[in-house]
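Report on the structure given below.
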Amino acid sequence: MTNAEIARLFGEIADMLDILGEDRFRVISYARAARQIESLTGDVEALVRAGRLGEVAGIGPALSEKIAEFVATGRIGVHEELRTKFPPGVLDLLAIRGVGPKKVRLLWQDLGITTLEDLEAAARQRRLRRVKGFGEKTEENILRAIELHRQGMTRALLWDAAALVDRFIAHLRSAAPLDRVEPVGSFRRMRETVGDVDILVTTSDPKAVVAAFTSAPGVREVLAEGEVKSSVLVEYVGYVDDRSRMFQVDLQVLKPESWGAGLQYFTGSKDHNILLRAMAERRGMKLNEYGVFRGEARIAGATEEEVYAALGLPWIPPELREDSGEVDAALAGGLPQLLEGRDIRGEFHVHTDATDGTEPIETMVDAARRLGYGYVGISDHSVSATVAFGLTADKALERRDRVRALNRELDGFAVLLGTECDILYGGAMDYPDEVLREFDFAIAAVHSKFTLPEKEQTARIVAAVENPHVNILAHP
């Protein structure tokens with residue numbers, strides 16, 4: 001059992017309740033709990049066993065009972081009961097971009113659509129426009145979304161999205177006059193995966209920016225092109241699996257006086273924005289992407305800081321805007337201080353040209369010093385990592401004199417010699433203990449037999465972590 005399983009079930013419960021038109025607060029409660037559980041660093045089952053589940057924000061007694069039920073039985077009765085209320089295939093409609101629970105409810109109840117095939121046929125036959133809120137453009141968007149779904153268009157890893165964003169912004173800066181530019185949405189909130197990217201700009205020449213955006217390298221299709229908003233599909237190759245995928249990028253041109261309000265609004269999250277709008281209403285104000293208004297008068301909007309200040313809040317970092325208690329913390333003056341790049345003092349997982357890196361130790365040391373680090377740990381692969389040119393124990397340790405010489409030359413900087421040592425089948429380490437103890441540190445890593453059964457794989461990793469000479473677990 002994993003946190004992801006419970007989070008998935010709670011998310012499905014929230015969607016099913018929403019489709020059925022159940023109490024909104026109940027829907028929000030399950031959706032929020034799903035996000036909280038998914039983002040936990042600890043194991044939910046361990047928290048249940050220790051009686052500490054109540055320490056998780058957003059998990060009250062009723063939800064705690066559901067989690068305990070799953071831990072004990074592997075099922076959640078409410079989930080199974082709700083599933084019986086839906087024909088097979090209805091929940092699959094949620095996989096289509098732009099089709100949320102409320103649209104699924106209308107499609108199912110008004111047109112009897114229960115499968116992706118039904119949805120595609122109805123859109124092609126122009127029957128969707130019979131439903132309130134659906135029109136010709138909706139039908140076109142749904143057909144395109146179904147096509148992309150079948151092509152495997154999925155959320156991008158943050159790393160891949162960052163490469164796309166950098167490329168787009170560099171192109172826009174070189175091709176059109178920009179005053180400000182900022183990527184927003186889940187990308188700015190630094191979520192691990194990103195569904196699409198929104199880029200906000202202010203400019204003296206919106207037409208030039210839109211033209212540059214829609215003609216950017218990698219654009220395969222222009223979905224929409226307007227005076228202040230455009231959308232394109234971009235092809236990219238995933239860093240991890242080297243597969244070609246499609247990804248949507250949207251452009252929004254803002255007026256300078258609305259820059260901060262737009263930045264806040266389009267960054268999200270949706271639930272965070274709902275909280276802020278409710279706060280504004282209680283204060284007799286209105287908050288939207290154009291600013292904070294009292295009556296017809298705009299009282300804030302040029303910067304994010306003044307938008308939050310108008311609501312009696314300090315600026316909240318984007319990474320915290322998930323309706324996970326950040327607003328209460330801000331009101332109480334208790335927002336956490338986030339780690340930044342300047343807080344990183346060094347790195348341990350560093351390879352050189354001795355294995356699968358491209359540069360010698362000395363070059364890596366120079367690079368680390370330029371970054372302002374205080375130390376760097378050299379950790380080339382162990383002998384079993386043959387694809388990465390892993391080192392024998394003798395080869396790995398013979399570099400100790402080289403590292404010692406560097407440390408004598410450097411003032412206020414430390415070079416450490418370690419290893420990225422393979423965890424073998426069964427949990428033994430690739431180097432024996434008498435070799436591991438000779439390194440300054442040891443990183444344990446799995447590079448083979450990735451498809452072992454969960455219990456067997458877990459026991460393998462636990463055995464390595466329990467080795468007294470292992471200091472770090474790599475890419476778990």
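Please figure out what share of the DSSP beta bridges in the chain is antiparallel and state it in percent, rounded to the nearest 5.
55
If neighbour count is taken as other Cβ atoms inside 10 Å, put M364, M190 in order from fewest to most.
Lowest to highest Cβ neighbour count: M190, M364.
Mind putting a number on the dipole of the range 341-473 about its Cα centre? Charges go on the C-beta only, +1 for Lys and Arg and -1 for Asp and Glu, and I need it in Debye to the nearest 20.
Approximately 240 debye in magnitude.
By average Cβ neighbour count within 10 Å, what is the ranking of 162-172, 133-143 from highest down?
So the peptides 162-172, 133-143, ranked by packing, come out 162-172, 133-143.
Within the range 383-476, what percent of beta bridges assigned by DSSP are antiparallel, to the nearest 5?
10
In whole percent, what relative contact order does the chain give with Cα contacts below 8 Å and a gap of six or more residues?
Worked out over the chain, it gives 7 percent.
Could you give the dipole magnitude of the range 258-331 about its Cα centre, charging the beta-carbon of Lys and Arg +1 and that of Asp and Glu -1, in debye to the nearest 20?
360
Tilt of helix 136-150 relative to the longest C-alpha principal axis of the chain, in degrees (0 to 90, nearest 10)?
20
Could you order peptides 452-464, 110-122 by the average number of other Cβ atoms within 10 Å of their residues, highest first?
110-122, 452-464
Based on DSSP H runs of at least 4 residues, each adding -39500 (n - 2.57), what is the mean residue ellipticity at 222 nm of the chain after dividing by all its residues, to the nearest 500 deg cm²/dmol?
-12500 deg cm²/dmol
Any chance you could give the angle, 0 to 90 degrees and rounded to 10, that helix 400-409 forms with the longest Cα principal axis of the chain?
On a 0 to 90 degree scale, this one is about 80.
Excluding G226 itself, what net charge comes from residues whose Cβ is under 13 Å from its Cβ, given Lys and Arg +1 and Asp and Glu -1?
Here the charged neighbours net out to 0.
If you take every residue apart from A393 with its C-beta less than 13 Å away from the C-beta of A393, what net charge results, scoring Lys and Arg +1 and Asp and Glu -1?
Neighbour charge sum, excluding A393 itself: -4.
Relative to the longest principal Cα axis of the chain, at what angle does helix 3-19 sit, 0 to 90 degrees, rounded to 10?
Long axis of 3-19 versus the principal axis of the chain: about 0 degrees.
When V194, V222 are ordered from fewest to most other Cβ atoms inside 10 Å of their Cβ, what list results?
Starting with the residue having the fewest Cβ neighbours, the order is V222, V194.
Every number in this text was worked out from the coordinates using simple rules, so none of it is lab data. Being a predicted model, the structure only gives us computed values, none of them experimental. Positions of Cβ are backbone-derived with ideal geometry, glycine not excepted, and every protein chain shown enters the neighbour counts.
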